[in-house]
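Below is one structure, written out as structure tokens; comments come after it.
The values are calculated or read from the model by the stated rules, or taken from the named source; none is laboratory data. Since we're looking at a predicted model, the values are computed, not measured. No Cβ is skipped: glycine too gets one built from the backbone with ideal geometry, and neighbour counts run over all protein chains shown. Just the protein is used for accessible areas: all its heavy atoms, side chains included, with ligands, DNA and RNA removed. Shrake-Rupley method; radii C 1.70, N 1.55, O 1.52, S 1.80 Å.
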Amino acid sequence: MRLILMAVSLLILTPVFAQQKKLAAKPPMGWMSWNLLADNVTEQDIRSMADAMVSTGMVKAGYNYIFIDDGWQGGRDKKNNIIPDPAKFPSGIKALADYVHQRGIKLGIYSDAAPLTCAGYTASLHFEQQDAKTFASWEVDFLKYDYCGAPEDVATAKARYTTMGNALKKSGRDIVFSVCEWGPRKPWLWAAEAGGNLWRTTYDIRDKWKRKTGEEGSEGIWDIYEVNVALQDYAGPGKWNDADMLVAGLYGKKGPSSYKGGNGCTQAEYQSQFSLWAMMSSPLYASCDIRTMDEATKNILLNEEIIAINQDELGKQAERKINNEGWDILVKPLANGDYAVAVLNKADTEQTTTVNFSELGLTGKYMVKDLWQHKQVTKGKSWKGKLASHETKLFRLSAQQ
Ligand code: GLA
């Protein structure tokens, strides 16, 4: 009897332990401060955003992180401990961590693998162990680790990220490690080994669809998608390609995302980004003012059927099956045997198409649910319909009984 009981409890407990061990088993989701506040972020902002994450239903929908980006730092104390800016964060980071934890939200923080961060604040080079311990003592859950002011070669990047990766592992707390060197050194090839759970694949996103001539160094949704979509082999539970923040709801307002042509997108383009980022198993970081977001933005960020595609347990990044002049079609296999299919109209005009599922390698007959309309739209072996310029339709295909 006792043996049977032991066996049963092992069966019940094993998956729980296994889950606890894997950091970032699903792509992290949350709200990130940079696009809206740049380095003017304060503890009051973080508190009010955390409250908004609860009251708007974001936490319930799965957004369970709040990420303080650059600008929180106030230098080092006499013992070289990194400290927050006393004017912006008078209560300290630990008190803020307590505040968000009480609301079911984890806390992310930011540093850089050089003496100073991108915005010129105190960073962690040569203080990795000490800073990792400090972050752990504040009960921080996530570190975004940037690369401004650091040498360009791959070997140094690997070494610096490994040093911080190891420091976090020894910090005494589970802290998700986000590598942010923007892609030039192909972090998908080495960042997981350095301890990274996710890595940015491009330079910063701007609030626009596509880079135009003269906008070099300024990435639109399309530009980032094109890089990220080809990296599906590198993603999986605990190791994600990070396609940067969601721009829905920013509407081209001033701030870092409005740099060089970041004048805003159409609603179809904002929806496309959400669909494509979900398909690519990218982290989902909302970045607009969620305290005042409009209904259109809520409809995007709180689309729980699309969030389920992003958070699917299998953790497979979608594969691009069709890539022709007018269309991209992606397929993402899901844990329960369903498939998510994204159809993107790349043209600058409205277009009509027929998608034959067999051309995507899906040879059965399917019930086809449109995850923007939240209803079954057809069944069988194909779907036909019209898409606005730059719109992405997202479908869930379940085998027809
Ligand atoms: C870099 C990063 C951004 C942001 C800023 C902060 O540009 O890529 O995401 O963190 O630094 O200074």
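Does residue 248 satisfy being in contact with a Phe, Trp or Tyr (Cβ under 6 Å, 6 or more places away or on another chain), open to solvent by less than 10 Å² (accessible area, probe 1.4 Å) and within 23 Å of residue 294 (Cβ to Cβ)?
yes
Taking the range 257-312 as the range and being among the polar types (S, T, N, Q), within 30 Å of residue 213 (Cβ to Cβ) and not in a helix (DSSP H, G or I) as the test, the residues that pass are 263, 266, 282, 287. Taking the criterion of being under 29 Å from residue 358 (Cβ atoms), open to solvent by less than 40 Å² (accessible area, probe 1.4 Å) and of a type in the set (A, V, I, L, M), would at least one residue in the range 280-298 satisfy it? There is at least one residue in the range 280-298 that is under 29 Å from residue 358 (Cβ atoms), open to solvent by less than 40 Å² (accessible area, probe 1.4 Å) and of a type in the set (A, V, I, L, M).
Is it the case that residue 135 is under 20 Å from residue 95 (Cβ atoms), touching a residue at least 60 places away in the same chain (Cβ under 8 Å) and not acidic (Asp, Glu)?
Considered against the rule, which asks whether it is under 20 Å from residue 95 (Cβ atoms), touching a residue at least 60 places away in the same chain (Cβ under 8 Å) and not acidic (Asp, Glu), residue 135 comes out as no.
For first residues located in the range 178-191 and modelled with pLDDT of 95 or more, partners that are surrounded by fewer than 18 Cβ atoms within 10 Å (Cβ to Cβ) and aromatic (Phe, Trp, Tyr) and lie 6+ apart or on another chain with Cβ distances below 9 Å form the pairs 182/203; 183/203; 184/203. Which ones in the range 181-199 are open to solvent by less than 10 Å² (accessible area, probe 1.4 Å) and either touching a Pro at 6+ places or on another chain (Cβ under 9 Å) or more than 16 Å from the ligand (Cβ to nearest atom) (or both)? Result: 181, 194, 196, 198, 199. Report yes if residue 157 is farther than 30 Å from residue 95 by Cβ and touching an Asp or Glu at 6+ places or on another chain (Cβ under 6 Å), otherwise no. Criteria met by residue 157. Name the single residue, out of those in the range 150-166 being over 24 Å from the mean Cα position of the chain (by Cα) and of a type in the set (D, E, K, R), that is most open to solvent (accessible area, probe 1.4 Å). Filtering first and then ranking leaves 152. Among the residues of the range 1-42, those that are hydroxyl-bearing (Ser, Thr, Tyr) and at pLDDT 55 or above comprise 9, 33, 42. Residues in the range 43-85 that are more than 26 Å from residue 300 (Cα to Cα), open to solvent by 10 Å² or more (accessible area, probe 1.4 Å) and either touching a Phe, Trp or Tyr at 6+ places or on another chain (Cβ under 7 Å) or among the charged types (D, E, K, R) (or both): 43, 76, 77, 78, 79, 80, 84, 85.
The listed residues are 236, 255, 261, and the only one of them that is away from the ligand (no atom under 16 Å from the Cβ) and open to solvent by 20 Å² or more (accessible area, probe 1.4 Å) turns out to be 261. In the set (1) over 19 Å from the mean Cα position of the chain (by Cα); (2) of a type in the set (Lys, Arg); (3) crowded, with 18+ Cβ neighbours inside 10 Å, the condition left unmet by residue 169 is number (3).
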